[in-house]
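These notes concern the structure reproduced below.
No value in this document is a laboratory result; all are computed from the given coordinates. All values derive from a computational prediction rather than experimental measurement. Here the Cβ positions follow ideal geometry from the backbone for every residue, glycine too, while neighbour counts run over all protein chains shown.
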Amino acid sequence: GENVEQHPSTLSVQEGDSAVIKCTYSDSASNYFPWYKQELGKGPQLIIDIRSNVGEKKDQRIAVTLNKTAKHFSLHITETQPEDSAVYFCAATGRGSTLGRLYFGRGTQLTVWP
Amino acid sequence: DVKVTQSSRYLVKRTGEKVFLECVQDMDHENMFWYRQDPGLGLRLIYFSYDVKMKEKGDIPEGYSVSREKKERFSLILESASTNQTSMYLCASSSPPSGKSEQYFGPGTRLTVT
């Protein structure tokens with residue numbers, strides 16, 4: 001199946017700085033790449049996603065880029081705020097897209113210091 | 001709002017007990033998923049279901065079974081709980097188009113097996 005690798009596992013930034021989380025995937029059949037944010041005590045929640053026919057997508061302070069040739073995609077958070085502190089997961093569909101499953105990275109614990 | 005509820009937030013069971021974790025979604029979603037979340041290992045898929053009475057093994061099905069008798073309910077069963085099944089269990093649901101739709105997560109059940 002698909003193998004998604006995510007780096008770094010932990011990331012600490014000062015409030016106002018930018019944060020970047022990177023993921024690679026192995027299956028060229030993957031065509032959908034969502035990012036989830038998990039706050040303490042809650043389940044993960046979708047924050048942004050990108051499809052394989054798009055190279056970049058932006059939503060206010062967050063953006064995602066996709067390089068299909070290199071099989072990697074990244075999450076960029078600008079002007080970070082303490083409420084951005086959470087665990088972030090990237091995911092890819094692999095060949096399981098017909099059954100709705102996603103393959104998740106291992107997560108990045110982002111801490112934003114005030 | 002889509003809501004995915006899990007029967008318990010915290011559960012303590014003894015080794016060898018049969019354990020039922022229940023998940024209910026209220027959005028008429030076809031797809032439902034059970035994950036376990038452990039530090040440093042991310043979200044690992046145990047089982048998923050794309051229709052009533054249908055199930056597919058995920059990446060770590062050993063020691064678990066599932067039941068989906070009604071569309072809105074997906075149960076995870078630990079036939080004989082063991083200490084290595086101590087973990088956070090997350091349920092999710094989604095609706096087609098498969099593989100490109102958002103997965104909605106419940107708040108999780110933290111299971112401790114002693």
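Which residue, chosen from B:Met88, B:Ile46, B:Val66, occupies the Cα position most advanced towards the positive end of the dipole of region B:36-95, where the dipole is computed from +1 (Lys, Arg) and -1 (Asp, Glu) charges on Cβ about the Cα centre?
B:Val66
Taking only the alpha-carbon positions of region B:15-114 and ignoring solvent, what does the Debye formula give for the base-10 log of I(q)/I(0) at q = 0.16, 0.18, 0.19 Å⁻¹?
Computed log10 I(q)/I(0) values: -0.63, -0.79, -0.88.
State, as an integer percentage, the relative contact order of chain B based on alpha-carbon contacts under 8 Å between residues 6 or more apart. Could the numbers behind the result be given before it?
Values: 295 pairs, mean separation 40.9, N = 114.
This gives 36 percent for chain B.
Apply the Karplus parameterisation 6.51 cos²θ - 1.76 cosθ + 1.60, with θ equal to phi minus 60°, to every residue of region B:52-65 and state each ³J(HN,Hα) to the nearest whole Hz, in sequence, with x for glycine and proline.
Per-residue couplings from phi come out as 4, 6, 9, 8, 9, 6, x, 8, 9, x, 4, x, 10, 9 Hz.
Residues with amide H under 5 Å of A:Ala91's amide H, sequence separation 5 or more or different chain, H placed in the peptide plane at 1.01 Å from N; which?
A:Gly105
What is the distance, in nm, between label points placed 7 Å from the Cα along the Cα-to-Cβ direction at A:Arg95 and at B:Glu62?
Those two pseudo-labels are separated by 2.3 nm.
Expressed in whole Å with the largest first, what are the equivalent ellipsoid semi-axes of the protein assembly as shown derived from the C-alpha gyration tensor as the square root of 5 times each eigenvalue? Present the calculation step by step, with values, prior to reporting the outcome.
Numbers: eigenvalues 172, 85, 47 Å².
Sorted largest first and rounded, they come to 29, 21, 15 Å.
Which distance in nm do the two modelled labels at B:Met54 and B:Tyr10 give, with both placed 7 Å along the Cα-to-Cβ direction?
It works out to 3.9 nm between the two label points.
Trypsin sites (Lys or Arg not before Pro), restricted to region B:3-86: which are DSSP loop and have at most 11 other Cβ atoms within 10 Å? Please list the in-between numbers first.
Working: sites: B:Lys3, B:Arg9, B:Lys13, B:Arg14, B:Lys18, B:Arg36, B:Arg44, B:Lys53, B:Lys55, B:Lys57, B:Arg68, B:Lys70, B:Lys71, B:Arg73; in loops: B:Lys3, B:Arg9, B:Arg14, B:Lys18, B:Lys53, B:Lys55, B:Lys71.
Passing both the DSSP loop test and the Cβ count: B:Lys3, B:Arg9, B:Arg14, B:Lys18, B:Lys53.
Give a residue-ordered list of calculated ³J(HN,Hα) values for region B:20-27 (Karplus: 6.51 cos²θ - 1.76 cosθ + 1.60, θ = phi - 60°; whole Hz; x for Gly, Pro).
10, 10, 10, 9, 10, 10, 10, 10
Of all alpha-carbon pairs in chain A, indicate the percentage at a distance above 21 angstrom. Don't jump to the answer; show the numbers that get you there.
Numbers: 2022 of 6441 pairs.
More than 21 Å apart: 31 percent of the Cα pairs in chain A.
Report ³J(HN,Hα) in whole Hz for each residue of region B:3-19, in order, from the Karplus equation J = 6.51 cos²θ - 1.76 cosθ + 1.60 where θ = phi - 60°; Gly and Pro get x.
Here the 3J(HN,Hα) series is 10, 10, 10, 10, 4, 9, 8, 9, 8, 10, 10, 9, 3, x, 6, 8, 10 Hz.
To make sure I understand the rule: partners must be lysines, Cα under 25 Å from the Cα of B:Lys55, and not fewer than 8 residues away in the same chain. Which ones qualify?
Answer for B:Lys55, where 25 Å is the Cα cut-off: B:Lys3, B:Lys18, B:Lys70, B:Lys71, B:Lys100, listed by chain and number.
Could you pull out every residue, at least 5 positions away or on a different chain, whose amide H is within less than 5 Å of the one on B:Tyr47? Hs are placed 1.01 Å off N in the peptide plane, and Pro or chain starts have none.
Amide H neighbours of B:Tyr47: B:Trp34, B:Gly58.
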